[in-house]
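Trainee: First, the structure itself, so that you have it in front of you.
The values are calculated or read from the model by the stated rules, or taken from the named source; none is laboratory data. Since the structure is predicted, the reported quantities are computational estimates derived from the model, not experimental observations. Positions of Cβ are backbone-derived with ideal geometry, glycine not excepted, and every protein chain shown enters the neighbour counts. Side chains are part of the model used for accessible areas, which takes the heavy atoms of the whole protein and leaves out ligands, DNA and RNA. Shrake-Rupley method; radii C 1.70, N 1.55, O 1.52, S 1.80 Å.
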Amino acid sequence: MFWDITDLPNSPMSGVPVVGRYVSRSWSSGSGAAQRGGGDQRHQPSPPQRPRSPWRIPAFFRRKFEIAQRGGGRVASTAPGESEGGVAVTEEAFKDPPPTLKDPHKDPMRESTSTDPIKDFEATPSPYEEPEVCALSDDGDSIHRRLIKSSPIRQIRDVTFREPRYLDLFDPSVSVVRDPKLDLPKPASKSRAHSIFSRFLSSLASTKVIIACSIILVVLVVVIVTLASTSQGTFFSPDPRIQHPHVTTVTTCGPVQGTIQDGSYVFRGIPYAIPPLGKLRFRPAQLQTNLNDCWTGTYVANVTQPCWSYDSQGAVVEGSEDCLLIDVFTPQLGYDSPLPVIVFVGGASLGGDTQRPWLLTKAAGLAKTKRVVVLSPQVRRGLLGFFPHPKLAASTYPHTAGNQGVSDLLTALTWVQHNVEHFGGDPEQVTFLGHQAGAAMAWPLISSPQGHRLVHSAWVTGSVPLYPEIPWREADPELVDSLNCSTVMCLESIPARTVMEAPPLEWRHPQGRPWLLADGVIVPFLPSMPQVPLMIGSTEQAAAHFLLSWRERLGISHQQLLDAAVDGLRLNEVNYGQPVWSGSPAYGHVNWPGDKGGQNVWPQPPRNDESSELGSIIPGSAEAEAALEWYSNLKDDPWLLLTTLVSDATVTCPTLATAEKLSRTLSHNHPTGTEDVPVYAYVSRHARVSRAGAVADGLSDIESILGVFQSQTDKDVQYARTIQDLFFFFVNYGSPEWQSPTPAHLGVYMLDGNINVEHSRLQCEHWSNSSHLMRRF
């Protein structure tokens with residue numbers, strides 16, 4: 001809406017003349033000498049106050065009026081005499097300059113002929129003197145204007161502000177000069193850019209945009225941190241330790257160089273002890289504590305030399321005596337976020353470990369996928385690792401002999417505590433994974449006071465938890481006298497092959513006689529309760545590989561099945577021969593740790609004081625017949641029935657019984673349920689197709705854990721994933737479940753495609769009193 005400012009009451013533009021588009025003022029006719037000749041203006045009375053009007057001009061227009069009064073405002077464009085739609089223009093604005101000014105081109109404010117500049121300045125009229133005053137009065141219902149001529153006494157003199165003369169548009173005698181910059185249009189590009197930038201800032205201020213930007217920022221930070229953690233620093237700067245395809249880190253004995261394989265860093269064959277050569281051949285392993293025992297420069301760890309051992313048929317497998325080496329598989333080398341550590345030791349027996357290369361095939365990929373550090377030390381096997389010769393014991397103090405292989409394991413675990421942090425591992429979170437022979441060596445470890453300082457949890461499978469109770473002094477003479485050496489020098493100098501070939505063939509088989517002894521130093525005479533969380537496991541047909549010779553001979557004849565069952569039950573017991581230990585003081589009545597009512601929770605060797613004949617401790621046809629009748633209601637296939645029966649009698653049921661007794665004893669000692677070392681048990685019953693048939697053989701669980709299980713069906717894939725998830729959950733948290741795990745005396749974890757908990761295994765009720773059938777390594 002446009003307001004006609006000339007019609008407004010009390011308007012300052014009322015009666016103001018206009019020149020073109022600029023406002024000019026007609027000065028009072030009394031300007032000039034008449035005004036300069038006036039009296040003292042300091043005593044002039046102030047002009048009358050204008051009456052206040054109910055109309056209030058907006059601030060925008062008031063500002064325009066002030067600019068117009070100073071000569072720079074654009075108000076309207078009208079012809080002389082026209083007043084509609086603008087300000088009326090008087091004819092006086094277009095008249096010639098007054099004759100009072102002699103020279104119109106001279107500025108009387110700046111040029112003066114007077115010698116007194118002060119008087120001349122005071123005599124110069126100010127362009128801001130208001131000769132005309134607009135007053136408002138009411139006349140009936142209309143509002144009109146009238147001009148009141150102001151006397152020279154009431155004129156206001158402005159001496160504080162002087163504008164340049166070329167902008168003074170109010171004196172008709174001065175030619176108007178307009179600044180051409182005022183007529184130039186503003187650049188359109190700047191206005192458009194300014195508009196776009198303003199809209200952009202306005203959009204950024206909205207809540208949705210702020211939230212979206214915050215989410216994007218968080219995602220970018222997460223991606224950068226993930227790339228930095230997985231790239232081992234190569235995202236920001238190259239790691240000097242990584243020179244593809246080689247990688248270097250340090251140990252307590254010097255730097256070592258490995259390789260990059262399957263996205264992990266692999267170090268094969270790092271020495272963890274002094275080589276057992278010469279005088280150290282039959283001695284316990286010694287940790288490297290002297291610089292003379294270490295290497296110079298960088299040790300290239302890209303190959304592992306195997307130890308001397310026996311194969312599944314008892315033949316000697318050539319190796320090296322300098323074989324106390326350890327393999328490391330790690331996905332990182334940093335120290336910021338240490339990973340859980342797994343130390344794996346296996347072997348079909350304490351005499352040989354031919355399965356080790358196959359089981360470690362996927363260790364590098366497993367370490368990267370599960371974010372763990374996997375280590376596997378080699379230990380001495382056979383007679384080089386377990387030789388209880390009295391001449392060797394007499395040359396040492398304390399006097400003991402045997403179990404050199406167990407000392408290798410303890411030394412390797414000590415090395416892990418000192419060095420695993422250099423491979424990205426956490427020395428405070430070490431889990432021991434023992435399979436078969438490795439599990440047999442784990443029993444002294446987890447039940448000894450020094451065990452909990454080296455490992456923090458243990459997962460053992462494929463071996464009966466039978467604590468060795470045969471003292472080294474009563475070792476089998478056939479083994480002690482197998483080497484025709486009467487001096488220590490002779491024992492230390494004869495070739496290694498001669499030493500390995502000395503024992504009889506029955507000692508070399510995987511199901512041969514027991515190598516592990518109680519020496520009182522490395523393996524204490526008296527066992528104790530477990531010191532770390534423990535998982536004990538077995539497979540449903542663990543003895544299938546040891547019965548392969550009967551698979552082709554089985555038929556529909558009941559007698560053939562009975563003969564196979566008798567041979568399978570004798571398989572383990574015949575390894576011990578007659579009970580030569582019955583007269584040993586170690587087998588007298590003692591109060592074993594954890595005894596409940598005089599019964600030891602750890603299984604003990606058979607006792608037969610009345611007769612030493614082999615037949616008194618070997619089950620006969622009658623016992624095998626009763627077992628076949630019991631199992632015939634559960635299994636129809638003869639091969640599946642035989643392998644399940646023998647496995648339950650020799651491995652599975654003794655394992656579950658021992659786990660239950662240990663768990664119940666620990667629970668009795670901690671009635672509130674706050675025990676720190678719980679014992680759990682599991683049975684793997686997933687049948688797979690292998691060389692032993694469609695059975696749950698003794699390697700199915702360990703192959704699944706280490707990632708080398710060859711899946712042929714969807715059920716195989718689901719089983720391997722199930723047991724692997726259970727194992728790595730135990731590695732990270734020390735229990736198989738997050739909430740309310742089931743201890744062994746309350747239930748058994750049955751593993752197939754899923755995990756189920758059963759109170760007990762029904763088949764084991766038949767073998768509850770047959771602990772003498774336990775398998776021993």
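Trainee: Please arrange Ser309, Ser486 by accessible surface area, largest first, computed with a 1.4 Å probe and ligands excluded.
Mentor: Ser486, Ser309
Trainee: Please give, to one decimal in nm, the separation of the simple spin-label points placed at Asp676 and Phe729, each 7 Å out from Cα toward the Cβ.
Mentor: 2.5 nm
Trainee: Continuing with the same structure: So which chymotrypsin sites (Phe, Trp or Tyr not before Pro) in the range 279-335 are both in a DSSP loop and have at most 16 other Cβ atoms within 10 Å of their Cβ? Mind dumping the intermediate values first?
Mentor: Values: sites: Phe282, Trp295, Tyr299, Trp308, Tyr310, Phe329, Tyr335; in loops: Phe282, Trp295, Trp308, Tyr335.
Those satisfying the criteria are Trp295, Tyr335.
Trainee: So, one more: Beyond a 27 Å Cα-Cα separation, which of these cross-linked pairs lie in this structure: Lys635/Lys715; Lys370/Lys661; Lys370/Lys715; Lys661/Lys715? Display every interim value, and only then the final one.
Mentor: On the way: Lys635/Lys715 21 Å; Lys370/Lys661 33 Å; Lys370/Lys715 22 Å; Lys661/Lys715 33 Å.
Pairs exceeding 27 Å: Lys370/Lys661; Lys661/Lys715.
Trainee: So for the range 267-407, what are the equivalent ellipsoid semi-axes in whole Å, largest first, each being the square root of 5 times an eigenvalue of the Cα gyration tensor? Walk me through the intermediate numbers first.
Mentor: Numbers: eigenvalues 162, 78, 36 Å².
So the equivalent ellipsoid measures 28, 20, 13 Å along its semi-axes.
Trainee: If you don't mind, there's one more thing I want to ask. Sorted by average packing, counted as other Cβ atoms within 10 angstrom per residue and highest first, what order do 264-272, 690-698 take? Show your work: numbers first, answer last.
Mentor: On the way: 264-272: 22.8, 690-698: 20.3.
Per-residue Cβ counts within 10 Å, averaged per peptide and sorted highest first, yield 264-272, 690-698.
Trainee: First check a/c for the range 352-426, with a ≥ b ≥ c the square roots of the eigenvalues of its C-alpha gyration tensor; if it is under 1.5, answer rounded, and if not, answer prolate when a/b is larger than b/c or oblate otherwise.
Mentor: Oblate shape, in that a/c is at least 1.5 and b/c is the bigger or equal ratio.
Trainee: Right, something else. What is the spin-label model distance, in nm, from Ile494 to Asp311 if the labels are put 7 Å beyond Cα along the C-beta direction?
Mentor: About 2.4 nm separates the two model spin labels.
Trainee: Give me the percent relative contact order of the range 386-425, please, defined on Cα pairs under 8 angstrom at least 6 residues apart. Intermediate values should be presented prior to the final figure.
Mentor: Details: 22 pairs, mean separation 12.5, N = 40.
Reported relative contact order: 31 percent.
Trainee: Something else: Just the C-alpha atoms of the range 652-746: what Rg/Rh do they give, with Rh taken as the Kirkwood radius? The partial results should precede the final answer.
Mentor: Values: Rg = 15.5 Å, Rh = 14.9 Å.
The Rg/Rh ratio comes out at 1.04.
Trainee: Please compute the Kirkwood hydrodynamic radius over the range 348-394, one decimal place, Å, based on all pairs of different Cα atoms. Intermediate results must be reported in sequence, preceding the final value.
Mentor: Numbers: mean 1/r = 0.0753 Å⁻¹.
Across the range 348-394, the inverse of the average 1/r is 13.3 Å.
Trainee: Next up: Could you derive backbone 3J(HN,Hα) for the range 680-688 from the dihedral phi with the Karplus parameters 6.51, -1.76 and 1.60 (θ = phi - 60°), listing whole Hz in sequence and x where the residue is Gly or Pro?
Mentor: Whole-Hz 3J(HN,Hα) from phi for the range 680-688: 10, 9, 8, 10, 8, 10, 7, 8, 10.
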